[in-house]
Amino acid sequence: MKKLGIVTSGGDAPGMNAAIRALVRLSAWNNLEVIGFLRGWEGIIKNNFIPLNARAVSGILHLGGTILKTSRCLEFKTREGLEKAAKNIEENDLDGLIVIGGEGSVRGAYELSKLTDVKIAVLPASIDNDVYGTDETIGFDTAVNTALTEINKIRDTAISHERTFIVEVMGRKRGFLAVEVGLTAGAEVILVPEVEYDEKAVLETIRKNASIGKNSSIIVIAEGVGKTTSLAVAIEKNVGVEVRVSVLGYVQRGGSPTARSRYLASIFAAKAIESLLDGKSGIVVGIQKSEVTSISLEESCSNEKPLNIELLKLAEKLAI
Ligand code: F6P
């Protein structure tokens with residue numbers, strides 16, 4: 001192993017910079033040359049990169065976003081795009097490629113691995129926490145805490161005005177963020193894409209809350225449920241309480257990474273570098289039951305990470 005490429009891809013997540021820093025510094029310890037492709041897969045397709053040495057990653061550990069930029073690259077989903085990327089990897093004489101990204105990036109890396117011999121490892125980083133093969137992704141903890149901080153403020157106004165708030169958090173396909181935020185914010189209702197939407201049950205909960213003197217409620221809903229506005233209308237009309245909607249949006253993607261997100265970035269980077277130096281390839285590193293692990297890209301792509309439904313039941317019990 002002499003030369004490594006690094007790329008951040010898909011939605012940004014707090015801690016991606018911590019991961020870049022750790023990868024570059026650990027590469028320096030192992031005398032590896034590093035280049036960073038710009039704007040995700042697009043940078044590999046267009047052969048757009050910068051050299052990265054230990055000094056180039058100074059002062060970025062505490063920053064959200066990614067200094068390498070990122071994008072959602074449609075061309076990479078085509079055979080032509082993948083072939084261009086594979087060709088550029090070869091022409092740059094890369095021995096390894098480390099991808100920092102979420103579930104879509106794992107899929108992209110897997111497709112690319114079929115066209116090139118370069119050793120590939122993925123560091124799971126996404127606020128959605130949706131990568132199979134790791135209990136937690138880089139950035140998830142930061143996003144949970146960002147959303148929680150906002151909901152704490154919303155709780156103040158909800159109590160003062162005796163209102164029901166519907167707070168929409170990110171998660172187009174998965175509800176990991178909604179569950180963890182909902183549980184820790186003490187939400188009265190949590191709605192996720194994995195559980196069939198039952199409007200009547202929500203109305204019943206809010207009605208019951210009002211009847212026992214619980215005059216304010218927080219409903220945490222993942223954006224992927226797609227019922228935020230209609231639910232607000234239905235509660236006002238059928239239960240007769242005042243409802244307000246708050247869509248937290250992209251604040252959840254930015255901000256300085258928490259200690260946990262930086263910690264995961266550091267230990268995942270160490271595992272990825274060590275694995276590639278050991279000759280392993282086609283892997284996603286992760287943490288499972290507190291142990292740093294790796295599984296194959298194929299296994300990660302062919303399984304869906306299960307959501308712990310028990311946590312929803314726990315949240316319900318705690319919100320009486
Ligand atoms: O990063 C994951 C995610 O935040 C999803 O929860 C969300 O649906 C999506 O990204 C939106 O991102 P973009 O607007 O960048 O496509």
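The values are calculated or read from the model by the stated rules, or taken from the named source; none is laboratory data. Values in this document were obtained by computation on a predicted structure and should not be read as measured data. Glycine also receives a Cβ, built like all others from the backbone with ideal geometry; neighbour counts cover every protein chain displayed. With ligands, DNA and RNA removed, areas are computed over all heavy atoms of the protein, side chains included. Shrake-Rupley method; radii C 1.70, N 1.55, O 1.52, S 1.80 Å.
In table form, for the structure just shown:
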{"quantity": "Residue list for the stretch 69-102, filter: buried (at least 20 other Cβ atoms within 10 Å of the Cβ), touching a Gly at 6+ places or on another chain (Cβ under 9 Å) and more than 25 Å from Val24 (Cβ to Cβ)", "calculated": "Leu82"}
{"quantity": "Residue match in the stretch 210-218 (condition: within 16 Å of the ligand (Cβ to nearest atom) and either in a loop (DSSP other than H, G, I, E, B) or among the small types (Gly, Ala, Ser) (or both))", "calculated": "no"}
{"quantity": "Extreme residue, nearest to the ligand (Cβ to nearest atom), among residues of the stretch 163-197 that are closer than 20 Å to Leu318 by Cα, open to solvent by 30 Å² or more (accessible area, probe 1.4 Å) and out of contact with any Gly (no Cβ under 8 Å at 6 or more places or on another chain)", "calculated": "Glu180"}
{"quantity": "Test: residue in the stretch 228-240 that is in contact (Cβ under 8 Å) with a residue 40 or more places away in the chain and assigned to a strand (DSSP E or B)", "calculated": "no"}
{"quantity": "Any hit, the stretch 66-75, residues being under 17 Å from Leu94 (Cα atoms) and of a type in the set (S, T, N, Q)", "calculated": "no"}
{"quantity": "Filter result for Ile212 (out of contact with any Ser or Thr (no Cβ under 7 Å at 6 or more places or on another chain), exposed (fewer than 15 other Cβ atoms within 10 Å of the Cβ) and farther than 25 Å from Gly64 by Cβ)", "calculated": "yes"}
{"quantity": "Test result for Lys305, open to solvent by 80 Å² or more (accessible area, probe 1.4 Å) and in contact (Cβ under 8 Å) with a residue 12 or more places away in the chain", "calculated": "no"}
{"quantity": "Members of the stretch 273-297 found to be surrounded by 15 or more Cβ atoms within 10 Å (Cβ to Cβ), within 27 Å of Lys173 (Cα to Cα) and in contact (Cβ under 8 Å) with a residue 60 or more places away in the chain, listed by number", "calculated": "Gly282, Ile283, Val284, Val285, Gly286, Ile287, Thr293, Ser294, Ile295, Leu297"}
{"quantity": "Some residue of the stretch 220-229 being open to solvent by less than 70 Å² (accessible area, probe 1.4 Å) and away from the ligand (no atom under 16 Å from the Cβ)", "calculated": "no"}
{"quantity": "Number of positions in the stretch 258-270 that are of a type outside the set (Gly, Ala, Ser), in a helix (DSSP H, G or I) and crowded, with 19+ Cβ neighbours inside 10 Å", "calculated": "3"}
{"quantity": "Single match in Arg55, Arg39 (criterion: open to solvent by 20 Å² or more (accessible area, probe 1.4 Å) and touching a Ser or Thr at 6+ places or on another chain (Cβ under 9 Å))", "calculated": "Arg39"}
{"quantity": "Residue within the stretch 142-158 that is over 15 Å from Leu307 (Cβ atoms), within 16 Å of the ligand (Cβ to nearest atom) and open to solvent by 50 Å² or more (accessible area, probe 1.4 Å) present", "calculated": "yes"}
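Residue-wise test of (1) within 16 Å of the ligand (Cβ to nearest atom); (2) of a type outside the set (A, V, I, L, M, F, W, C).
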| position | (1), (2) |
| --- | --- |
| Met1 | no, no |
| Gly10 | yes, yes |
| Met16 | yes, no |
| Arg21 | no, yes |
| Val24 | no, no |
| Asn30 | no, yes |
| Val34 | no, no |
| Arg39 | yes, yes |
| Ile45 | no, no |
